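Have a look at the structure below before the remarks.
The values are calculated or read from the model by the stated rules, or taken from the named source; none is laboratory data. No experiment lies behind these values; they were computed from the predicted model shown. Note that we place each Cβ from the backbone using ideal geometry, even for glycine, and neighbour counts take in every protein chain shown.
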Amino acid sequence: MERFKICCAVHLIMIKDGKILLQRRNNPEKHGYGMLGMPAGHLEANENVYDAFKREMKEELDINVTSSEIIQVMNLNGDTDVYDAYFFVCEYDGEIKNMEADNAKTLEWIEVSNNIDKLMPYEQYALNMYLEDKNNKFTTFGW
C-alpha cells in the first residue's frame, strides 16, 4: 500500500503599523482566484521549510530573508489535498515588490482584523489564532 502524502506550504504573516501584507490572487487556474492571500508557496523536492520560505519570498516579493521564525504550523484539510502549512514572520533586506503579477494582481496592506473581507478562510483562522495568543503554535483547520 502506498503511503499517504501531505503537501507542504509556507506562508508569510507580515504586520506593520496595524496592517498585514496580502496579495490579491489573480490566476483563474489556481485556488482562491479573486481572494486575498498571504505571500505563500509550496515546498519543492528535497527542500526544507526554511529554504522554501526564503526562496518563495525572493520569488514573490524580491526580498532576502535574513532571519525567520515559524510562528504556527497548521494541519489543513484543503479542498483537494491535506497540507501542513508553516506560517512565518521574518526580517529581510530589500524593498517589497510584486514579482508574480500573473498570480498576484496586487500587493495590499490591509487593516488587521478578525474578519478581513475575502481573505482565504484558513489564513484568516491562522491569523486570528496568532493574534489571540502568540503561543498557538499548532492549529488544525477543515477537519
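A count restricted to region 107-124 and to residues that are aromatic (Phe, Trp, Tyr) and either modelled with pLDDT under 95 or over 12 Å from the mean Cα position of the chain (by Cα) (or both) stands at 1. Looking across 29, 47, 59, one residue alone is over 16 Å from residue 108 (Cα atoms) and in contact with a strand residue (DSSP E or B) (Cβ under 8 Å, 6 or more places away or on another chain). It is 59. Has region 77-98 got any residue that is over 25 Å from residue 137 (Cα atoms), crowded, with 17+ Cβ neighbours inside 10 Å and not β-branched (Val, Ile, Thr)? Yes. Against the list (1) surrounded by fewer than 16 Cβ atoms within 10 Å (Cβ to Cβ); (2) farther than 24 Å from residue 137 by Cα; (3) modelled with pLDDT of 95 or more; (4) among the acidic types (Asp, Glu), the condition residue 29 fails is (3). Look at region 16-39: where a residue is farther than 11 Å from residue 119 by Cβ and a partner is among the polar types (S, T, N, Q) and part of a strand (DSSP E or B), sitting 6+ places away or on another chain with Cβ atoms under 7 Å, you get 39/23.
The sole residue among 103, 136, 128 that is within 17 Å of residue 72 (Cα to Cα), polar (S, T, N, Q) and at pLDDT below 95 is 136.
Of the listed requirements (1) within 15 Å of the chain's Cα centre (by Cα); (2) modelled with pLDDT of 95 or more; (3) over 24 Å from residue 137 (Cα atoms); (4) not polar (S, T, N, Q), residue 55 misses just one: (3). In the set 127, 76, 119, 107, only one residue is touching a residue at least 12 places away in the same chain (Cβ under 8 Å), in contact with a Pro (Cβ under 9 Å, 6 or more places away or on another chain) and of a type outside the set (Phe, Trp, Tyr); that residue is 107.
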